[in-house]
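Values in this text are rule-based calculations from the coordinates and carry no lab data. Please read all numbers here as calculations on a predicted model, not as lab measurements. Quick reminder, even Gly has a Cβ in these numbers, built from the backbone with ideal geometry, and neighbours come from all protein chains shown.
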Amino acid sequence: MTALIKTTPVAYAQHEQKPAMGVHNGMEVALSFEGAAVEKTHKQVLGVTDVSCFAKFGIKGPKAADWLAKQGLKTPDEINSWVEGAPGTLVLRLGGSEFLVEDQIKGNACNGLSTFNQDKTAGAYQVARADAAFILGGSQALNLLSELCVMDLRDSALASNAVVMTQVAGISATLLRESLAGEQVYRIWCDVSYGPYMWEMLLEIAQELGGGAVGLTARFQ
Amino acid sequence: MKLLNCPMNGTRPLSEFLFGGEFREMPNPDTSSDLEWASYVHYRDNAPGVKKEWWYHSPSGTWFIAERNTLSDEVLATYLYGKAPDATKTTKPRAKKEQSE
């Protein structure tokens, strides 16, 4: 049987940039846009990367934290915060009893979570997740976010483990700040149907500020 | 910019919220009279004063109660349904709305 290959929800908005596409985690995503040298510069100034291909698992309910703990994942104690639940896997606590688990480029915890059986798990309910997801990094990242988001996201205002659910470019989004290979970056998730819009907004301002699109390959080199 | 305090997410601009109508206790539909039920469904007390209202923080999907003075537009307290407001927050405005320039 042939495995189904999905396409990133952002693909429509990336078409004009003619990226080199490749498959990661069963999804076709942009691996590179303008070549390694240019994208390295973009990363330093302001780089936007589509990471919608990262595997996700959503769960909510009063027993959701217990169930995740049984699967060997660490969960945040505080509401609206995140931890690295397993090597290479983020666990976000969205409010009181809802969690979003997302494997990063080398994480693989979500595969194990797909064994979730609703009939055998009282008090926990799987939440289908298909968010468009982005990484925003570079020296101008905060300037971009200050144009699109009313929240103060500077280091002094945003705790390193905080998850913020707010509006970015006028649409509901989830935000956090993390360190990626020593570089401070921002993660943004939004509803999948707004993926192309979000990409266009992020990229337009990134280009105004001297940055641009960064493919998956350059982002994790 | 007008601000409102979400009990789960903190103070945010009013543009992140949706108004869900006045909060009123629903009479028991099995035992209430037609008059009581019709009053609950159709009638509203529009006199200005402190009202309990449903508000929704759309980025996080949080429904909560706000006690708002509809005359002065001052929010006295916000809290999750079923959780009593902090006494200090009912006497001191927690999220005073500010008029933009």
Quick check on the protein assembly as shown: helices-only [θ] at 222 nm, where DSSP H runs of length 4 and up contribute -39,500 (n - 2.57) each and the sum goes over total residues. Nearest 500, please.
-5500 deg cm²/dmol
List the pairs from A:K74/A:K106; A:K43/A:K70; A:K18/A:K40; A:K6/A:K40 whose alpha-carbon separation is above 29 Å, in the order I gave them.
A:K43/A:K70
Viscosity 1.567 mPa s, temperature 4 °C, Stokes-Einstein D of segment A:37-87 from Kirkwood C-alpha radius, µm²/s:
93
Got a sec to turn the phi values of segment A:190-196 into Karplus ³J(HN,Hα) couplings, 6.51 cos²θ - 1.76 cosθ + 1.60 with θ = phi - 60°, whole Hz, x for Gly and Pro?
8, 4, 4, 5, 9, x, x
How large is the Kirkwood hydrodynamic radius of segment A:22-135, in angstrom, based on all distinct alpha carbon pairs?
15.3
Run through segment A:98-187 and list the GluC sites (Glu not before Pro) located in a DSSP loop whose Cβ has at most 13 other Cβ atoms within 10 Å.
none
Compute the separation of the alpha-carbon centres of segment A:134-176 and segment B:41-85 and state it in Å as a whole number.
28
As an exercise, identify the chymotrypsin sites (Phe, Trp or Tyr not before Pro) in segment A:150-205 lying in DSSP coil whose Cβ has no more than 11 other Cβ atoms within 10 Å.
none
Once amide H atoms are placed 1.01 Å from N in the peptide plane, what residues at a sequence separation of 5 or more from A:S52, or on another chain, have their amide H within under 5 Å of its amide H?
A:A133
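Return the ratio Rg/(2.2 N^0.38 Å) for chain A, where Rg is computed over Cα atoms only. Numbers along the way, then the final one.
On the way: Rg = 17.1 Å, N = 221, 2.2 N^0.38 = 17.1 Å.
For chain A, the normalised Cα radius of gyration is 1.00.
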Per-peptide average of other Cβ atoms within 10 Å, ordering B:33-46, A:161-174 highest first:
A:161-174, B:33-46
Using 7 Å Cα-to-Cβ label points, what is the B:N28/B:W63 separation (nm, one decimal)?
2.2
Sites matching GluC sites (Glu not before Pro) across segment A:1-96 that sit in DSSP coil, with at most 13 neighbouring C-beta atoms within 10 Å
A:E78
